[in-house]
Amino acid sequence: MPSRKFADGEVVMGRWPGSVLYYEVQVTSYDDVAHLYTVKYKDGTELALKESDIRSQSSFKHRKSQSSSSSPSRRSSSRSRSRSRSPGRPAKGRRRSASQSREHKEDKKKTIQETSLALPVLVLFKPSENNTKRYNGEPESTEKNATSCIILEQKLKPDLEMKRVLEQYSLRSRKDDKKKEEIYSEKKTFVAVKPIEKVPTKTKELEFGGRIGTFMLIFLLPATVFYLLLMCKQDDPSLLNFPPLPALESLWDGRVFGVFLLWFFLQAVFYLLPIGKVVEGLPLSTGKKLQYRINGFYAFILTAAAIGVLLYFEFELHFLYDHFMQFAVSAAVFSLALSIYLYIRSLKAPEEELAPSGNSGYFIYDFFIGHELNPRIGSFDLKYFCELRPGLIGWVVINLAMLLAEMKIHNLSVPSLSMILVNSFQLLYVVDALWNEEAVLTTMDITHDGFGFMLVFGDLVWVPFVYSLQAFYLVGHPTTITWPVAAAITVLNCIGYYIFRSANSQKNNFRRNPADPKLANLKFIPTATGKGLLVTGWWGFVRHPNYLGDIIMALAWSLPCGFNHILPYFYVIYFICLLVHREARDEHHCKQKYGLAWERYCQRVPYRIFPYIY
């Protein structure tokens, strides 16, 4: 194994990926397996660099001083030539000497070269005007808007044109010109692409309690689901009234498992249909972008049509209610089998395809978090498919089954007002997610977390069987509410939805096109990664306004169930805990990614989710 050249804590000069520019960095760690140095720039940005991209400060300065010196013989020959004039040259008083003219040209060329060298940094970190200072950790006094980068590029165009003209009359050798062309070509390539993120290395910071915590969660999550479903079946679902355990043989039904498999593969067929647009996801660690077909809303329409056909032929959809626990067990067994398959196949995956959060080297932890970032079978993306299709659409189908079961069990000609509210609110949420399906490509689930037991169980079991808890509860515990109360709850849900949707739309539109004239009123803090942190609009109100809207909607979903028991409020309690934990993960990730810019953002927007509270 080759020995490392630079020690931890050593201050060196590191080359920014894809460019010829070097910046002062500090070595923080070294990966013996990947042979990569993790370095930290002055603004807090951390990247992994090869040893060939790092130089000691002494050698770097020495090379710079050499390049700035000129040959003494060349200077003397210039002076000797300037003493004699040809008959066609003007007098001394009317004209500068040849040496002075050359020096003037060289000075001008040097100034233009320095300007052009700064261009890749300025374009890379757009939209901004003063990225070089910010990149080196120096504070800025004002935020930028989305049009500043366009003005800057227009200012620099004349300098670039002058540079190309002067190069035509250069006295350097062709060999030097060729080298310069290669450097210029490399810089042009650097401007055209976005900064390449580091190749995933070993996961050092373990989440969810590390190996012990994730091991316990593998058993705790299924136990929680089964406990909640058993409690809803009881006449008195109080917390102190622990439900009796059912017989093991009653929890499994081969026919139910077959129906679950049929549902899963039907959604897979809808996913593979050549309808809907194809978009690219965010760049991977290698710079590659995966393609995704956006047709979740079409899959929902086709599913609704299939359910309508079943109801037309008088299929008893409340079969779901009668075998609800068995469906949950079938989904859990399938999730475990899929998680085992995903982990086994991830052992053969290339290093660059592993998840940055699930590459610790510990079996239990990587199995839970997910070892591979984007497992695919051909073009079929397993994580992206499970994120929105079987569980989310299945949630709506389960709610509909509970509505029909309530009407049958209580001999109602129309569903109760409480059941209508729960179904309507959650239907709106699911349709919104499928309509804005492309936005999921920028979430932490897709870009950061691997596809392991955590997401598989969450997508296929937790979402459809826990999120439908209110509807399941109302079947066995009908609750009557008045029209004014229903109107107040509807207003609360609309407020939550408005905050949730407008905040997400604002963020997604800004990410897609920061220079959009419609977003010209938004201010942001530029970062060294080229992205901006919004400090106006919803994102200047709190750091996670979409989470605030989510929590308000969760409360509105639970209120139609009344206040007799706390069980239907499990969702909103769990959701607050989930989003507070996710917010903490976001904070840690963003602080590492954006450095000082994130600290400035936190000073500007002090509240995380709840204004003036948290």
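Here are some notes:
- Using the Cα coordinates of region 207-479, the gyration tensor eigenvalues translate into equivalent-ellipsoid semi-axes of 33, 24, 16 Å, sorted from longest to shortest.
- Residue ranges 389-398, 580-589 sort as 389-398, 580-589 when ordered by packing (mean number of other C-beta atoms within 10 Å per residue, highest first).
- Rg to Rh, two decimals, where region 481-613 supplies the alpha carbon set and Rh follows Kirkwood: 1.05
- Exposure of Phe219 as accessible area (Å², to 10), given a probe of 1.4 Å and all protein chains: 130
- Note on region 481-613: lysine pairs with Cα distance below 19 Å, sequence gap of 8 or more or different chains, count 9.
- Ordering Ser238, Ser357, Ser58 by accessible surface, largest first, gives Ser58, Ser238, Ser357; the 1.4 Å probe counts only protein heavy atoms, with every chain in place.
- The C-alpha atoms of region 405-460 occupy a region whose extents along the principal axes are 48, 25, 12 Å, arranged from largest to smallest.
- Only protein heavy atoms count here; under a 1.4 Å probe, Val491 has an accessible surface of about 80 Å².
- Using a probe of 1.4 Å on the protein chains alone, the accessible area found for Lys289 is around 80 Å².
- In this simple spin-label model, placing a label point 7 Å from the Cα along the Cα-to-Cβ direction at both Leu336 and Lys591 gives a separation of 3.8 nm.
- Note, ³J(HN,Hα) from phi for region 535-547, Karplus 6.51, -1.76, 1.60, rounded to Hz, x at Gly and Pro: 10, 10, x, 5, 7, x, 7, 9, 6, 9, x, 5, 5
- Ordered by solvent-accessible area of protein heavy atoms (1.4 Å probe), largest first, the residues Glu314, Glu387, Glu10 come out as Glu314, Glu10, Glu387.
- Region 575-614: C-alpha gyration tensor shape, a/c 1.5 cut-off, then a/b vs b/c: oblate
- Translational diffusion of region 10-57 was estimated from the Stokes-Einstein equation, with Rh taken as the Kirkwood radius over Cα pairs; at 37 °C and 0.692 mPa s the coefficient is 312 µm²/s.
- Accessible-area rank, largest first, for Asp236, Asp449: Asp236, Asp449, with all protein chains present and a 1.4 angstrom probe.
- Close amide H pairs (under 5 Å, H built 1.01 Å from N) link Lys523 with Val535, Thr536, residues at least 5 positions away or on another chain.
- Three semi-axes describe the equivalent ellipsoid of region 435-474; taken as square roots of 5 times the Cα gyration tensor eigenvalues and ordered largest first, they are 24, 15, 6 Å.
- Linear extension gain, Val414 paired with Phe297, 0.36 nm per residue minus alpha-carbon span: 39.3 nm
The values are calculated or read from the model by the stated rules, or taken from the named source; none is laboratory data. Bear in mind the structure is a predicted one, so any value in this text is a computation, not a measurement. Positions of Cβ are backbone-derived with ideal geometry, glycine not excepted, and every protein chain shown enters the neighbour counts. Protein only, heavy atoms only, side chains kept; ligands, DNA and RNA dropped before computing areas. Shrake-Rupley method; radii C 1.70, N 1.55, O 1.52, S 1.80 Å.
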